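Colleague: There's a structure below that I have some questions on.
The values are calculated or read from the model by the stated rules, or taken from the named source; none is laboratory data. Since we're looking at a predicted model, the values are computed, not measured. FYI the Cβ positions are ideal-geometry reconstructions off the backbone, even for glycines, and counts take in every protein chain you see.
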Amino acid sequence: MPTLAEQLGAFIAETAFEALPSDVIEDTKLRVLDSVGVSLPASPLDYALVVLRVARAWGGPAESSVIGHGLRLPAPAACLVNGTLAHGLDFDDTYLPGLLHVSANTVPAALATAEALGSSGRQLVAALALGNEVSVRLGRAGREPGKPTSTYFEQGFHATSCCGAIAAAGIVARLHGLDAGQTMHALAIAASTASGLVEANRGGGWIKRAHTGWAAHSGTVAAQLAAAGFTGPATALEGKYGFLNAYTGGKFDPALAGDGVGSDWHSRELQFKPYPCNHLTQPAVDAVRLLREQDGVRPDDVERIEVGVSARALTTVGEPLESKLRPATPYAAAFSLPFVTAKAFLGGGGLGLYVEDFTEESIRDERVLALTAKVRPFEDPESSASFPDKLGGVVRVHTKDGRTLERRVPATRGSREFPLSRADVELKFRLNAEQVLPAAQAATAKSLLARLDTLDSIAPLMEVLRRS
């Protein structure tokens, strides 16, 4: 019986483009559009420039473009930068059943390697579709029956980057044309280098943004090592001292990763994010939109606000309350349920909230802080019961004239229950891209991305994504 790494290695190496479901192909192309889009407004920010400066100092061949910048770096270095950009604003897609982001790891690895090797768009789309599926499968394996959380998180590991590094290795192996055995070695090598601590979500600093950059980087290096003949253990994933045992504390189900490979596509459950804030805050945004648009509630009406979310969400975005009421940085504000709720009531940009709603100015805005102070998060049992497969929540507003109004959402906007339309995703891309690129250049990028699987080379796409 093949090991999990052997099974996934064969899936990546041997699945033909023609075997991919048409909806998976189209969704994969849209994932690239979205990931590139959320990377562009992050490209000039302070943390991004630090990573770029370090990666640039390493030197090496100019083979892979840095998004939003007019230069190319070696593929692993470009992965580090572009992966950091893709997750920097917390605007990237999510696989909720596994509590992990996916495309911020996989798209940078795919783009950098495809550009370096001269791969076609069709080759890129196939590799990316397969890698995304591997990422979500590894994420969903970290579930303990009856427990509403990720066992990766319980062990202190960021499933996003830990699973993402292995997926990135598979993508790069596919683009290099490695066979099933070599691809297994790439996955096994990546499993030994996968990293990312959940403390980065709690203790501050910039490093969480770079988790995905490091995952794309280390996965790329793992595949390059495998291509050169380097090897890893076939039992790297489910072995006694393997990835799943080590990173979940032994609380995992390998069947959730391996069963139905090639026929069941769990990557269909990936969710686009409409708002640039932690996904666990977003049920509140959706409920507030209903209160504003259907019930006519205005900020000046509010006496106090109660926001109910799952217990797991509460510990991440609702506690400790003191720091959530006055977030110290824009990034901390994106992880603050009270702040996000207040901004949603005041009305934000984009699809409801946008990057300009999370700035140094906004976290010092007295009107925002006054409304934030009226918000009290609590655990909502109904939301806890459906978590993490569905991310629900409830917002209850007590008005100054004595009314109590409540709106509940069973799942977030962007989920399979309430999907973003293609027009929504394209609007999000345009708003993001035009933060950095001229409108005509952004439109050209969108056109190329829409027909990505027909491009003989992705070089024209990458050229237009480099800011001149």
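Listed here are the residues, each with its yes/no results for (1) farther than 30 Å from Asp46 by Cα; (2) outside the structural domain of Gly98 (by TED's automatic domain parsing); (3) of a type in the set (Gly, Ala, Ser).
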residue: Gly347; (1), (2), (3): no, yes, yes
residue: Leu351; (1), (2), (3): no, yes, no
residue: Glu366; (1), (2), (3): no, yes, no
residue: Ser386; (1), (2), (3): yes, yes, yes
residue: His398; (1), (2), (3): yes, yes, no
residue: Gly402; (1), (2), (3): yes, yes, yes
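Colleague: Inside segment 145-238, counting only helices (runs of 4 or more DSSP H) that do not spill past its ends, which hold 1 or more residues that are crowded, with 24+ Cβ neighbours inside 10 Å?
Modeller: By residue number, 151-154, 159-175, 180-193, 207-227.
Colleague: Residue under question is Phe91, and the condition is that it be aromatic (Phe, Trp, Tyr) and under 27 Å from Gly260 (Cα atoms); does it hold?
Modeller: Details: aromatic (Phe, Trp, Tyr): yes; under 27 Å from Gly260 (Cα atoms): no.
No.
Colleague: Looking at Gly146, is it out of contact with any Asp or Glu (no Cβ under 7 Å at 6 or more places or on another chain), more than 22 Å from Gly262 (Cβ to Cβ) and without any contact (Cβ under 8 Å) to a residue 24 or more places away in the chain?
Modeller: yes
Colleague: Scan segment 413-424 residue by residue and report those that are outside any helix (DSSP H, G or I) and either surrounded by fewer than 16 Cβ atoms within 10 Å (Cβ to Cβ) or at pLDDT below 95 (or both).
Modeller: Listed by number, the residues that qualify are Arg416, Glu417, Phe418, Pro419, Ser421.
Colleague: Conditions: (1) touching a Leu at 6+ places or on another chain (Cβ under 9 Å); (2) part of a helix (DSSP H, G or I); (3) free of Cβ contacts under 8 Å to residues at least 60 places away in the same chain. Ala62 meets all but one. Number of the miss?
Modeller: It fails just one condition, (2).
Yes or no, residue by residue, for (1) surrounded by 24 or more Cβ atoms within 10 Å (Cβ to Cβ); (2) modelled with pLDDT of 95 or more; (3) under 20 Å from Cys277 (Cβ atoms); (4) of a type outside the set (A, V, I, L, M, F, W, C):
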| residue | (1), (2), (3), (4) |
| --- | --- |
| His87 | yes, yes, yes, yes |
| Asp90 | no, yes, yes, yes |
| Thr94 | yes, yes, yes, yes |
| Ala104 | yes, yes, yes, no |
| Pro108 | yes, yes, no, yes |
| Thr113 | yes, yes, no, yes |
| Gln123 | no, yes, no, yes |
| Ala129 | yes, yes, no, no |
| Arg137 | yes, yes, no, yes |
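Colleague: Just for segment 12-24: of the residues that are more than 15 Å from Leu175 (Cβ to Cβ) and in a helix (DSSP H, G or I), which one is nearest to the chain's Cα centre (by Cα)?
Modeller: Val24
Colleague: Here's a follow-up. Identify all residues within segment 44-85 that are of a type in the set (Ser, Thr, Tyr) and buried (at least 23 other Cβ atoms within 10 Å of the Cβ); write none if there are none.
Modeller: Of everything in segment 44-85, those that are of a type in the set (Ser, Thr, Tyr) and buried (at least 23 other Cβ atoms within 10 Å of the Cβ) turn out to be Ser64, Ser65, Thr84.
Colleague: Sticking with this structure for a sec: Consider Val436 carefully, then state whether it is buried (at least 18 other Cβ atoms within 10 Å of the Cβ) and closer than 23 Å to Ala284 by Cα. Step through it out loud before you land on a result.
Modeller: Numbers: buried (at least 18 other Cβ atoms within 10 Å of the Cβ): yes; closer than 23 Å to Ala284 by Cα: no.
It is false that Val436 is buried (at least 18 other Cβ atoms within 10 Å of the Cβ) and closer than 23 Å to Ala284 by Cα.
Colleague: Suppose the filter is within 30 Å of Trp265 (Cβ to Cβ), surrounded by fewer than 16 Cβ atoms within 10 Å (Cβ to Cβ) and modelled with pLDDT of 95 or more; does Thr454 pass it? Let's see the steps before the verdict.
Modeller: Numbers: within 30 Å of Trp265 (Cβ to Cβ): yes; surrounded by fewer than 16 Cβ atoms within 10 Å (Cβ to Cβ): yes; modelled with pLDDT of 95 or more: yes.
Yes: the conditions hold for Thr454.
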